[in-house]
Structures are given as C-alpha cells and as structure tokens.
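Read the structure below first, then the notes.
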Amino acid sequence: MGDKGAKSDVTASLGQHDLSQDIATVGGARTPEFRQYGWNAADETDCFTAIVASSDDAIVSVSAADGRIMTWNPAAERLFGYTREEISGASFTILTPDNVGVAHVTAFQRAIKDGSAKYASLKRHKDGRLIEVSVTAERIQRSDGRIIGVFGIFRDETKYNQTARALAERTRVLSTLNRTGTLLAAELKLEKLIQTATDACVEISGAEFGAFFYNSVDDKGEHHTLYAISGVDRAQFEKFPLPRATEVLHPVFHNVAIVRSDDITQDSRYGKSAPFYGMPQGHLPVRSYLGVPVASAGGEMFGGFLFGHQNIGVFTEEHEQILKGIAAQTAIALDNARLYQDAQRELDHRRKITDALRISEERFRVLTDVMPQFVWMANAQGHVDYFNERWYDYTGAIISTTDGHAWLDFVHPDDVRVAKESWMTSVSSGVDYEIEYRLRRHDGLYRWFLTRALPMRDENGDLVRWFGSCTDIDDQKMEGQAHQILTRELSHRVKNLFAVALGMVTLTARNSNSVQDMAKTLSGRIGALAKAHDLVRWTLRPDTEKSQDTFLNELIPLLMAPYSVKNNEQRVKIVGPPQRIGSLASTNLALVLHELTTNAVKYGALSVPSGQLNVTWEIKHDTLHIHWKEQDGPPVIKPDKTQGFGMQLARMSVNGQLGGEYALKWLPTGVEVDISIPMEQIYR
C-alpha cells in the first residue's frame, strides 16, 4: 500500500476525492499545511499513505454513510487475515462477533458524534478465531465540515491479556498453596487435614470432584477406604464398592507413579477388571483423570488422591507437579497427626522416660493447659529465651531482642512494676504466674493480655523451666467494664424510679376521694414520668460512664406539647438555653411540671382560650432558676387549702429530691412559680 497504485486505490475507495481534502480534519482537528514547504496535495496524500502503510497497528476507515470498510492497511491484513481486495467495501460488522456487534457499532457512532472513542473489543479473524484488541476511533471530516467516516486504529492485545490472565491464575494458585501449606502444618485432626488437602487440590486443578482414599488392609485382602470427598455429595460415592488396585489405580495405591490421562476411557489400562470393566452404572462421568499417591518420606503408603472431570484434557503437567507437592505436604502432616495421636495414647501408660522426652511431654501438657496466643519459655532463673512468631508479629521486634527481661519494654509504663515484681516472685517461689497487663503493638496501640506461666520440675522436684502464654483479652475486658457500668446505672435508675413512684402512689391514695379519681390522677403523673424517661437516652462505652445528654429544653416542650397551640394560636412560650439534666432531675422536674400544667388547665391560664403561659429558665451562681408565669386567665383566687397534694408533690420533688427551693405566688395577674436547684443536683 506504500506505492503509487496503493495511493490511487485508497483515494478511490474514499470516493475519488483528494485525501488532503477528505481528511483535512481527523477527529475535528485541522492537519498541518504542508504547502508552505513546497508540498502539493499529492505529496500530502503520499505522506499520509506511507504512514498508514508502515504502521504496526491495523488502521481501517469506515464509511459514515453505510458502515462499509473503505481503507485497509497491511497491518490490518496481518491482524484480521483479510486482504485489502477481499475486505474493501464489506460491512464493518464482518469483523465483529455476533454477541458484541451492537456495542461496537454504538462505539463507532459515538466517535462520529463526539469526534473520538476508545474502548476494548473482541474482533473476529478470517479463520473464525477471536482477537482481543484495543481500539482508538477518530471521525474523518472534510474541510467543509462534512463527516464522511471513522478512522480506527486496532492494536492486538490478545497475548498481553492472556499473560495477565495467566499471571492472575498463577497468583491464585500460589495463594491457595500458601494457605493450604499453613493449614496442613497446623492441623492435627486427620479428618480435617485430609479434607483441607482434597479441597485445595480440587480448587487448584479445576477438577469437578476429588477424593482421598485411605490405605487399609483387612483379612479379605487389600482395599481402600473413602476418607474425604470434595466437589460432590459424599452419598454419590457411598453407593459404589470401594476402589481396588486395578490396572489404572495400582500405580497410585502402590506409590509407583502419578497417573494423568486426558481421556481415561481411551487409556490402554482402562476397563480390564471385573465386574464392571470400567465405571459402574450411575458413576460420576470421568474423562480427564489424575491420580496422585500419598506416601511418607520413608515409603509408607497412606493412600491416594483421585480427581476427575467430564471434559477431555483438563489436567496439565503443571497441575500434576503442584498436586504432587501438596501430596508430599499432606504426607508430612499425616505423619505429624499420627505421631500426635500416638503420643496422646502413650502418655497415660509411660512412666519412665529420658529427661529429654520428659521435657517434651511436659511442655506439651503445659502448653495445652493455657490459651496459646503468644507462647514463650524461660529458664529456671526467669530469663526468657524463646518467643513464638506471633509475639514478633505483634510487637514488631527483631527476633531474640526481647529475650531476658527486655520483654518488659513492651509492657505499658503503668503496668511494668507490677508485671516485673509478680514475675520475679513466681520465679523465686516456684508458684504459677498469672497476671493481666497491657502490651504495646507495633503501631503503638496497647491491648490487654492475660499472661500465664507454669513451672516444670524434674523427678527430684526441682524447677527446671517455665512455659507460658499471653492471651489477648482486650475485647472481653472492655465488654466486662461496660457490663459493670450498665448494671450500676440500671440499678441507680430503677431505685430512683421506684422511690418516686412509691411516694407518688402513697400521697395520691391519701388525697383521692375515690378509686376513679386516684386512677385518673395517678395515670397522668405516671405518664409524665414515662415522657421524662423517654428522653433519657444513654449509651455506655467501656472507657466512660457518661450517658448521652438529656436536655431541659427537650423535656419542657414534650410535656407542654398538648397545650401549646389552640385554634392555631400559640399559648405557651418556652425560652431558655440548652441545659443537660440527669435521670433523677428529669424525673422529678417532669412531675413538678405535670402538676403545674394540670392546675393551669383546670383552674389557671390554660383553662380559657385567652390564657397565656411563659416558662423560662437561666443559670446564675451555679443554680438553675426556672420561672413559671401564667397570665390572661380567669381571676386568681387563692385556695383556702394551700397544702394540696399537687403542691406537696411538687415541693417534695424540688426540695426533698433535688435539694432546691420551690416558691408559689398567687398574684392577681396569674399564678407564678420560682424553682431554684443547685447545678450539682441537676446532673444527677
């Protein structure tokens, strides 16, 4: 496409127009004017054609009118397999797989509209295979502004994406291997150990199912017991006979070799054993097959892993090598687990053992008596000479730098003295060591730990070693503190509530003429208490005993709400600064305000439409002053009996419960009440 003929073809494919005019603007930008350097239009076209022809990226132009391919450079031929002669004039959708065609057409339309578009895409090669490409599309616009097509640059991203996916898969496999290795090294229960290994092998290999068959022999001959299954329900295996060492299974169950087959049904060893001569009817379909023996370093056979898939060619050589490594780890873990179980059985019967074995057994016993979080050991003189890896992960210290008594550097300064003295007392007396203190984490945060240590003695009773652990109890300690605070607060509030309620019931009964009268009066007072307690919203935290704030400017409007507005007119005016009050103060003030409001509704300012009520408060000289003022009500007549129960209850609540003063005035303009309460009582 770099010769004169190619130039003519390109020009012709765009409608017999001069390229220097047709692509005067690409993506809306004018091309440089070359004529000032002595170039003519043909030179510009030659330059453009040479650039396109030499590009390593496929460059294709598509007509805006009907979406047909107009130009096609050599890189496009190499990428998509079509020659220029084969593709010219064809619809652009010839390159687009059916399931993504609409999206790509839309992207080209966006390039026509916006001037450019960039996106990732799947394209179809001439031979039908899919190619992953990145696309940069620019619209082609004439000098007169008319858009005639789209100019696309296609870059093959297939290998790059394949490499990225392979890297992601390798990362997944390595992550699974690391996780599995850690679990196998720590697990001592046979069932869980084998299940973990089987699950990991299935996950890594992509098998549809996997199984581990434990090697066992009875008096009838060799057989293999199903020990673990992964990927399918165990019941699908239990209805079939146990596998035997057939020609296919013999190499696995006798540690001869790994067996890997892309299609086991075509294997020369398959189907030669009675009574099934292959897979029993109803067996899971297996084409791809992989069998891996599990044997100890000494050659003892534990059993074998068997993996299957209904598709052909699923398992690779890499899968084989990885699963071989997991089988080796599993064998070591099985050895350790069996040794663990054997030691457990023998501990009850063995009495005379060597000093070294006795130390090992005693270490195991002591460590199982504590919660092993940070495990440490010290000699008889209390010199610490070992910490496990978790200690160094937590503290961030360099290995061995906290030996001796250097571990005290990580104890909270307020706890160092007690921790050290307690430890030295245990070392000198030989008594068990148990203490709680805070340890500094690598980021500077302190957490509470329970530290325990038990002494180990020789046959003469002499102390020879200490074994200890540190268990994180920070969360439990915080929860315990919160529970204690909650219990104290609840007890305090319940006592206050019962005291107020008992006095209220007693006085109400004493001053009521009937049961109905008592019930009505008592109901209103209890309702006021309930409203007050609705405002006492408190949430305890382990580091504080303070409750959330309840405010006077919330309590008073709540109690006055039913009477504040009548006939769309505001009758109650409430003015005062925000003031936090405690649960005792809120309970007693609610009763006082309820009694005043009840009297105002029955006899005072709130008993007539024109009546007004002002409630204000302020703080002076460490005292809260509340002023109640009624006006524009009916004529005020001072009752002969000034010691009614309502007044007694109000006065008792202020004077007796809160240590304040309660003063009531019968003024001609309306009743006024002044309440004064010391601030230290307000917060109770």
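The values are calculated or read from the model by the stated rules, or taken from the named source; none is laboratory data. Only a predicted model underlies this, so the values are computations on that prediction, with no experimental measurement involved. Note that we place each Cβ from the backbone using ideal geometry, even for glycine, and neighbour counts take in every protein chain shown. These accessible areas exclude ligands, DNA and RNA; they are computed on the full protein's heavy atoms, side chains included. Shrake-Rupley method; radii C 1.70, N 1.55, O 1.52, S 1.80 Å.
Summary table below
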quantity	calculated
Residue count, the stretch 663-684 (criterion: open to solvent by less than 20 Å² (accessible area, probe 1.4 Å) and either closer than 16 Å to Thr597 by Cα or among the aromatic types (Phe, Trp, Tyr) (or both))	3
Among the residues listed as Arg165, Arg155, Arg172, Arg179, the single one being under 30 Å from Gln109 (Cα atoms) and open to solvent by 40 Å² or more (accessible area, probe 1.4 Å)	Arg155
Long-range neighbours under 6 Å by Cβ, at least six apart or interchain, first residue under 20 Å from Val636 (Cα atoms) within the stretch 669-681, second of a type in the set (D, E, K, R) and assigned to a strand (DSSP E or B)	Gly670/Glu630; Val671/Glu630; Glu672/Lys629; Glu672/Lys665
Failed item, numbered, when Gln310 is tested on (1) modelled with pLDDT of 80 or more; (2) among the polar types (S, T, N, Q); (3) under 20 Å from Leu190 (Cα atoms)	(3)
Tally, over the stretch 420-450, of residues that are free of Cβ contacts under 8 Å to residues at least 24 places away in the same chain and either surrounded by 14 or more Cβ atoms within 10 Å (Cβ to Cβ) or among the basic types (Lys, Arg) (or both)	4
Contacts under 6 angstrom Cβ, first residue in the stretch 556-570 being more than 12 Å from Gln612 (Cα to Cα), partner modelled with pLDDT of 75 or more, 6 or more apart	Ile556/Ile574; Ile556/Val615; Pro557/Ile574; Leu559/Leu593; Met560/Val572
Subset of the stretch 375-417 [among the acidic types (Asp, Glu), outside any helix (DSSP H, G or I) and exposed (fewer than 15 other Cβ atoms within 10 Å of the Cβ)]	Asp385, Asp414
Test result for Val150, more than 41 Å from the chain's Cα centre (by Cα), on the phi < 0 side of the Ramachandran plot and open to solvent by less than 40 Å² (accessible area, probe 1.4 Å)	yes
Single match in Glu187, Glu157 (criterion: of a type outside the set (Phe, Trp, Tyr) and either touching a Lys or Arg at 6+ places or on another chain (Cβ under 8 Å) or closer than 30 Å to Ser116 by Cβ (or both))	Glu157
Which numbered condition Ala120 fails, given (1) in contact with an Asp or Glu (Cβ under 9 Å, 6 or more places away or on another chain); (2) in a strand (DSSP E or B); (3) open to solvent by less than 80 Å² (accessible area, probe 1.4 Å); (4) free of Cβ contacts under 8 Å to residues at least 60 places away in the same chain	(3)
Tabulated pairs, the stretch 227-239, first assigned to a helix (DSSP H, G or I), second at pLDDT below 75 and not charged (D, E, K, R), C-beta under 6 angstrom, 6+ apart or interchain	Phe237/Leu226
Strands (runs of 3 or more DSSP E) wholly inside the stretch 604-684 that include at least 2 residues being of a type in the set (S, T, N, Q)	612-620, 623-631
Single residue of Phe253, Phe237 found to be at pLDDT below 80, surrounded by 17 or more Cβ atoms within 10 Å (Cβ to Cβ) and farther than 20 Å from Lys324 by Cα	Phe237
